[in-house]
Every structure is written in C-alpha cells, then in structure tokens.
Amino acid sequence: MKKKLLSILLSAAMVSSILAGCSGSSASSAPAESAENQAETPAAGTEEAAETTDAGGSEAAEGEYEYKEAAISLLIDKDSTLDGLEAVCALAKEKLGITVDVEIRAGGADGDNIVKTRLASGDMADLCAYNSGCKFTTLNPSEYFLDLSDQAYLSRLDESFLSAVTADGKVYGVPAGFASGAGVILYNRDTYEKYGLEVPHTWADFLKNCDVLKENGEVAVIGSFADSWTTQVVYLGDHYNVQAENPDFAKEFEAGTAKCATDPAGLKSWQKCVDLVPYYNEDYTATTYQTACDMLVNGEGTHWIITSDGVLAYINSQYGDDVNKIGAFGVPGDDADNHGITTWPAGGLYVNKNSENIDDILRFLNFWMSDEAINAYLAVQPPAGPIIIKGMALPDDAFQAVKDEQAYIDAGKACTALEYQTAVKGASCEQITQEAGTGQISAEEAAKAYDDDCLKQAVQLGLDW
C-alpha cells in the first residue's frame, strides 16, 4: 500500500510540473497519463477492456501480421508505469517477432535535456516517448521525427490528440497512452443526491448549487492550495468556454492581439478564480492534494476543480469501489447549450527519422494502434480519462467520472487546454491563481498580472507582443 500510495503521489507531483510550465505530457506525466499509469485496479479481461467499431483499424486484418525477428529501442522517462507498454511489447514479440528494448531516462527538466541532447547528437532511440503539445513542437519535429501523416491508423485518433502531435501540418506521433486528462469539476454524487442538486450547465447555476451547500453547512468547494499547482485548474480548465466565445483566442493570444485582461472571455476565467473564494473549506490554504482526495470521497467537501485522473487513481487505490461516488462535469460557461470540457491529450511516441529500423518501427506502430494491442494495454492499465480512439467504448466497469467525461468527447464538446494551442504560458501562473483564489487580488488584477507574466515568455520566443 505504501508503494502504491507513493507512486500516485509522485504522479500528482508530476502533474504539478506539467501545469507549471508549457507542456503536454509524456506517457508518464500527463494528467491523463498519471491516473492511467498509477491506477492499480484488478485487470479486466481483454474482452472486457474495450469494445470497438470499425474506425480505420490497422493496415493488416486483426491478428494477421508479418512475422520477422527484429529489435527496436524506445526511450521513456523513469516515472512511467510500464504495465500497458510491457503487455503490448510481449504481444509484439510473439506475433511480429519484434523485441522492444526499453531505455529509461530521467524525468522533468533533466529528462528534457537528455531528449534534446540525444536528438542533436544523433543518438536518439528508435522511438521516443515524450510530451505532446507545445513542448513537443520545441523539439523541431520536422528535423528529427518521421512524418506519419500517411498512416491509415491516424483516422482512429481523436482530433484533440492529433492536434497535439501536429507541426507544420504534419502528424509526427501516436499516443503513448490511450486516454486524455481533463480539467473538470469533480463532485460527490451522494451529496448531490442528499440535497436534490442537478449537474449545472452554467457558471451561475454552479454557484447556486454552492450557495445551497454552504447554507446547509457543507464545504461547497474544496481548495487544496497547499499544493499550489492545483490552483491553476480553475483558470486552465475554463478554456473550452474561452474558445467557445472566441474561437481565435489562442491564435490571437500568441500574436499578442488578445489579452486576458482585455478579452471578455479571457477575463471570465480569472473571475471564476475569485468567485470561489467564499465557498472553500476554512483551511484551504493548508489543504494538500491527498487530503482533498480524501475529503471528496468522504463527503467532507462537494466539489473540487482539478485534473481528474490522478484523483481517481488515488481514490480507487485507497477506497476501491467508492471511486464511483465521484462524478465529473466540465467547468460551465454562460451557454447552457454549449457545456464542454477542457482536455490534456496523452503524450506521444515519436519515430527517430534517422533510425536504421524504420520498417520495423512502422510494423510495431501499426500493431500498437490495433484493437488487439489497445485492448491488451487497457486490460492492465484501465483508462482514467476519456478514450481518444474513435469508435472505442469505455469498459463497462470504467469509473463513473470517466464515463461522465467521455460523454463530452462523444458529443464533440471538448477542446485542448490553451497550453496545447500556444507555447505562451506564464511561468508564474500558479502564483497568480493562488493570489486570486485567496482574494488578495481582483480578477482584473490577476488577468493583467498574467498578461505581464506571459509577455516575458513571448519575448523569449521571439514573438511580437
């Protein structure tokens, strides 16, 4: 149990580093991946892991693969849980004759430097597991990675993932895991039932629910400000609503023509940080991520705005089936008919374009994207976020909150977080959200501070702000 708990808390720490900088995620560190990798639920049978419909499939008929002995290498960071990868690699060796030699690198900034150094020196492994999103684009993909745009299996992938591994109109990656993370409002379903509350579809209705809870002596919103990275999710998880109001916000923000302080949609995200101040638990500035997980499942707090996968993994490991006491809904905006969700896509697997084993790598990736491989992966690493494979249903025993999140994906009401759409993200985001969330500054002051913070990075990126 101690080992399991440590792995999940490390996962939470990794999410902190992700949200603190401009990044997507590798197999080890995305919000989606942290829970998917750390969940230690009993493995479902392969036949129960997922159901699929014909959505592109692999080039070969299912179960029919060329057998040719070969060896390829894969570089992945040390914090990754390898259960799913190992399951697929075992099948690949059996059915394709391909042995995958896994190389472990450091995580965090040290790992980033290793990847960049090995790419520059020509010493990269055949496959590299790394972040998707803006961190991926900083690696100069066209110089180092193989263009996979002509691969038939790409038609199986949700657009949110494809956009996160695309540069200059070319697709360079396949998912290192098969679920996305999501910034959502997790809620205690038992408490909602107790007070006859319904899932709100506007921010105003959400605050009305909070008022009912507060009036009845309940903690309406859990704050976990002792882990300051968690304070960002209110702002970051609202991006679906920003994009709904201004579809060009990310493009304009990167160009410096739209700012949080002057764009009405952008300012609303910061106002939401301030709106929550009256509803937090009394000790929210000292409450940790782990304590917040316990509060949520035990009904000691009703809502928590957070990236959900790590939470679900922790609750499942500590409380078992009680994880299904937790539901999820996207951060609401002003339009009840357009209630969506903000996602953090999975990390990617990228092909070293200078490898001498391109044919064997492509054989492996074709298998990796097959139903057989995906089911084998999910059988040992159950999804803790929305599935990013078109036509693939969640297993029947998926967490209730994941089912709630998947409904948004299936309805086409999802977008990626802002940091997947632009490389501009202020380094002091969590400090500013913490100040706004404790009532020290107004929404206008917070938005202006964040714009100023982003200006520093825009200058470093050579953008004309």
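The values are calculated or read from the model by the stated rules, or taken from the named source; none is laboratory data. Predicted model, so just to flag it, every value in this text is computed and none were measured. For neighbour counting, all protein chains shown are included, and Cβ atoms are generated from backbone atoms with ideal geometry for every residue, glycine included. The protein model used for the area step is the full one, side chains on, heavy atoms only, and it has no ligands, DNA or RNA in it. Shrake-Rupley method; radii C 1.70, N 1.55, O 1.52, S 1.80 Å.
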LYS353 long-range amide H proximity, modeled H, under 5 Å: PHE145, LEU146
Long-range amide H partners of MET392 with built H, under 5 Å: THR53
In degrees, nearest ten, helix 83-95 long axis to first principal axis of the chain (Cα): 20 degrees
Fraction in percent of alpha-carbon pairs per bin - 10 Å, the chain: 4, 22, 33, 25, 12, 3, 0
Cβ-derived FRET efficiency at R0 60 Å, GLU445 paired with ALA90, nearest 0.05: 0.65
Helix-derived mean residue ellipticity, 222 nm - over the chain, DSSP H n ≥ 4, -39500 (n - 2.57), to 500: -12500 deg cm²/dmol
Cut-off 19 Å (backbone N to label point 7 Å along Cα→Cβ of ASP452), residues of the range 403-440: 425-440
Highest-first arrangement of 186-194, 289-297, where packing means the average Cβ count within 10 Å: 289-297, 186-194
Ordering of 364-377, 124-137 by burial proxy (mean other Cβ atoms within 10 Å per residue, highest first): 124-137, 364-377
Distance between modelled label sites at GLU282 and THR262, nm, 7 Å Cα→Cβ extension: 4.5 nm
Diffusion coefficient, µm² s⁻¹, Stokes-Einstein with Kirkwood Rh over alpha-carbon pairs of the range 328-428 at 4 °C and 1.567 mPa s: 79 µm²/s
Expected-Rg normalisation [2.2 N^0.38 Å, Cα atoms] applied to the range 319-361: 2.23
Largest to smallest accessible area among ILE358, ILE388 [probe 1.4 Å]: ILE358, ILE388
For the range 148-157, Karplus couplings with θ = phi - 60° (6.51, -1.76, 1.60), whole Hz, Gly/Pro x: 9, 4, 8, 7, 4, 5, 4, 5, 7, 8
Global form of the range 244-388, assessed from the alpha-carbon gyration tensor, a/c cut-off 1.5: oblate
Most to least packed among 165-171, 154-160 [average Cβ atoms within 10 Å]: 154-160, 165-171
In sequence order, calculated HN-Hα J values of the range 241-250 (Karplus, 6.51, -1.76, 1.60; Hz; x Gly/Pro): 6, 4, 5, 5, 7, 9, x, 9, 4, 4
Å² of accessible area per residue within the range 354-420, as computed with a 1.4 Å probe and no ligands counted: 30 Å²
Degrees between helix 400-410 axis and first principal axis of the chain (Cα, 0 to 90, nearest 10): 70 degrees
Nearest-0.05 FRET efficiency for VAL212 and ALA407, computed from C-beta distance (R0 22 Å): 0.35
Two-site FRET efficiency, ASP205 against VAL102, from Cβ-Cβ distance with R₀ of 56 Å, rounded to 0.05: 0.70
Relative contact order, percent, the chain [alpha-carbon distance under 8 Å, six or more residues apart]: 30 percent
Helix 443-460 axis, angle to the chain major axis (alpha carbon atoms, nearest 10°): 30 degrees
For the range 412-429, Karplus couplings with θ = phi - 60° (6.51, -1.76, 1.60), whole Hz, Gly/Pro x: x, 10, 8, 8, 7, 4, 3, 5, 8, 10, 8, 7, 8, 9, x, 5, 9, 3
Spin-label pair ASP396/ASP190, simplified geometry with 7 Å Cα→Cβ offset, distance in nm: 2.6 nm
Percent accessible area from carbon and sulfur atoms, the range 362-429, protein chains only, probe 1.4 Å: 50 percent
Relative contact order of the range 142-301, defined on C-alpha pairs under 8 angstrom at six or more residues apart (%): 26 percent
Placed amide H near GLU103: partners under 5 Å, 5+ positions off or other chain: LEU74, LEU75, ILE76
